[in-house]
Amino acid sequence: MHPRNKNAAGYDFAALTATSAALAKYIKTTPAGTPSIDFANPAAVKMLNRAILMHHYGVKGWDIPAGYLCPPIPGRADYIHSVADLLATCNKKTIPTGPGVRVLDVGTGANLVYPLIGHAEYGWSFLGVDIDEAALANAQAILGKNPELAADIELRHQPVWDNIFTGLLRSGESFDLSICNPPFHNSPDEVLAVSQRKWNNLGKPGAKKGTAQPRLNFGGGGTELWCNGGERAFVKSMIEQSAGIPKRVLWFTSLVSKADNIVHIEAALKKAKVIESRIMPMTQGQKQSRLVAWTFCANGEREKWRRERWSQAADPTAPTIDPV
């Protein structure tokens, strides 16, 4: 886990329940005598997320409708910290902070967690985009309970199913980063198979005919979990469409869960003639994932971007990264 991750040392259940008393009824004691929750229980996972967002990031009244993705907060925070390090490599090892750093969150979802974490950690401003109007309505409800965020987190509907960047940006808009947690799976059947494996691993019923239907402990609707071609096709489409707005985003990034997809994504990056790409590993416990990042801006253009957008708002207390 990233060293700046607020949960790098594990969940502090005493502190979390002190902040969010409703979490207490979901706490159980493990055989090792330590506190935990039943991670196969969606209600417990949602309550844990609510407590983490309140305790560490100051988010009030966070909630999502039934059936929507309830993501593991530490993993999402790792993404934010990793792309902060990426920006620091273009800013003399100092992470640029403040609302002048603009981030495009593709598929922000009903949970809105990337903007919530990114703004709390680094003061960045966000444009959260989604094709699901109901998800955006819930994200707006979260902002309504946290009015101090309204100036720095904007939401926008993408009405065209196959469009990611195409037709999205308004005149004069540009972003320091784009981030995305793409739909991983190729079909609803693949989603069901994954949920069944997860339940088996958690020692829950669902593996045998006639037993309880397995559920994804983190939930998720169709647009969040699957698309035709799955993660590979989505990221390849993202790369192709990014070539249409090459200088309007400094660094395009996406989470990639399946290692087998990397070779195909690298081929798409080569075809798009990106200036530079990076594969950034991320690890949470036994889970291995990675970020792919690419830019169409050469070193001189990145330096000009830094001078024009970040140097005026330099923060002497901003985190720095170790030299690479």
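List of remarks:
- FRET efficiency, 1/(1 + (r/R0)^6) with R0 56 Å, evaluated for Arg278 and Asp38 via beta carbons: 0.90
- Subtracting the Cα-Cα distance of Ala233 and Glu301 from their residue separation scaled by 0.36 nm leaves 21.5 nm.
- Full extension of the chain between Lys60 and Thr89 gives 7.1 nm of extra length, using 0.36 nm per residue less the Cα-Cα distance.
- Extension gain, Asp162 to Thr317, is 51.6 nm, computed as 0.36 nm per intervening residue step minus the present C-alpha separation.
- Gyration tensor (alpha-carbon) shape descriptor, the range 123-178, a/c threshold 1.5: oblate
- Cα centroid separation, the range 114-128 to the range 41-94 (Å): 10 Å
- Model label sites at Glu148 and Ala267, defined 7 Å from Cα along the beta-carbon direction, differ in position by 5.0 nm.
- Relative contact order %, the range 1-150, counting alpha carbon pairs below 8 Å whose residues are six or more apart: 20 percent
Readers should treat all values here as calculations from the given coordinates under stated rules, not as data from a laboratory. As the structure is a computational prediction, the values presented were derived from the model and not from experiment. Please note: Cβ atoms are built from the backbone with ideal geometry, for glycine as well, and neighbour counts cover all protein chains shown.
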